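The values are calculated or read from the model by the stated rules, or taken from the named source; none is laboratory data. On a predicted model such as this, the values are computed, not experimentally measured, just so you know. Using ideal geometry, Cβ is built from the backbone for each residue, glycine included, and neighbour counts are taken over all protein chains shown.
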């Protein structure tokens, strides 16, 4: 399996709502022997390999900006996933879910998420697995872009930290026992 955590590179975007996907993948690396990420220029990503149960998983974080995530997804899937779309799990932030919730699905639209748009465009398919981490919607007239690129409030951060652990567990369960088992467990919670 290839697990791709979406986010933006650089310190200015660290710990923002939009980087939750990349943060979940980093957490997975920590939970599995503090796996070290290595730069793979040919894949435009940082890559680490871990064991999730009986399976090997490639954890990847694009080194591109969010709207170019697909340029990392395509070579990663080709190299590590034998080009099979069902072997790709994309972890990302989701405005349409309440803060701290985690939901899984295969396929679907992009809901305006530029990272998902890029992945779909480069793979010519929407049928990859998604682990969606809820970051909620802005409560004011603040634009979506300003909201996702900001750091969460302290109370949101607490909920997001719990959700990141749940999302890491959801990725593991998906890799070990399949999407249906993971959806049954996580889609009914919260």
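So the check is Cβ under 9 Å with 6+ separation or different chains; which pairs have a first residue in the range 35-48 that's at positive phi and a second one that's in a strand (DSSP E or B) and surrounded by 15 or more Cβ atoms within 10 Å (Cβ to Cβ)?
Pairs that qualify, where the first residue is at positive phi and the partner is in a strand (DSSP E or B) and surrounded by 15 or more Cβ atoms within 10 Å (Cβ to Cβ), are 44/62.
Hey, can you tell me all the residues within the range 47-99 that are assigned to a loop (DSSP other than H, G, I, E, B) and in contact with a strand residue (DSSP E or B) (Cβ under 7 Å, 6 or more places away or on another chain)?
63, 69, 81, 97, 98, 99
Looking at 59, 28, which one is at pLDDT 95 or above and within 19 Å of residue 128 (Cα to Cα)?
Unique residue meeting the criteria: 59.
Got a sec? Which of 59, 52, 77 is surrounded by 15 or more Cβ atoms within 10 Å (Cβ to Cβ) and within 14 Å of the chain's Cα centre (by Cα)?
59
On the given criteria, is residue 126 farther than 15 Å from residue 20 by Cα, within 16 Å of the chain's Cα centre (by Cα), surrounded by fewer than 23 Cβ atoms within 10 Å (Cβ to Cβ) and at pLDDT below 95?
When the stated conditions are applied, residue 126 does not pass them.
Given the structure, is residue 136 surrounded by 14 or more Cβ atoms within 10 Å (Cβ to Cβ), in contact (Cβ under 8 Å) with a residue 40 or more places away in the chain and assigned to a loop (DSSP other than H, G, I, E, B)?
Yes; evaluated as a whole, the condition is true for this residue.
Report whether or not residue 88 is at pLDDT 95 or above, over 27 Å from residue 158 (Cα atoms), under 16 Å from the mean Cα position of the chain (by Cα) and surrounded by 18 or more Cβ atoms within 10 Å (Cβ to Cβ).
Yes.
Taking residue 176 as meeting all but one of (1) modelled with pLDDT of 95 or more; (2) within 22 Å of residue 28 (Cβ to Cβ); (3) surrounded by fewer than 22 Cβ atoms within 10 Å (Cβ to Cβ); (4) touching a strand residue (DSSP E or B) at 6+ places or on another chain (Cβ under 9 Å), write down the number of the exception.
That leaves (1) as the condition not met.
Within the range 5-16, does at least one residue satisfy the condition of being touching a helix residue (DSSP H, G or I) at 6+ places or on another chain (Cβ under 9 Å), within 21 Å of residue 163 (Cα to Cα) and in a helix (DSSP H, G or I)?
Yes, there is a match, as at least one residue in the range 5-16 is touching a helix residue (DSSP H, G or I) at 6+ places or on another chain (Cβ under 9 Å), within 21 Å of residue 163 (Cα to Cα) and in a helix (DSSP H, G or I).
Residue 154: at pLDDT 95 or above, touching a helix residue (DSSP H, G or I) at 6+ places or on another chain (Cβ under 8 Å) and surrounded by fewer than 16 Cβ atoms within 10 Å (Cβ to Cβ), yes or no?
Answer is no for this residue.
May I ask you to list the residues in the range 83-112 that are within 21 Å of residue 28 (Cβ to Cβ) and free of Cβ contacts under 8 Å to residues at least 40 places away in the same chain?
Result: 84, 97.
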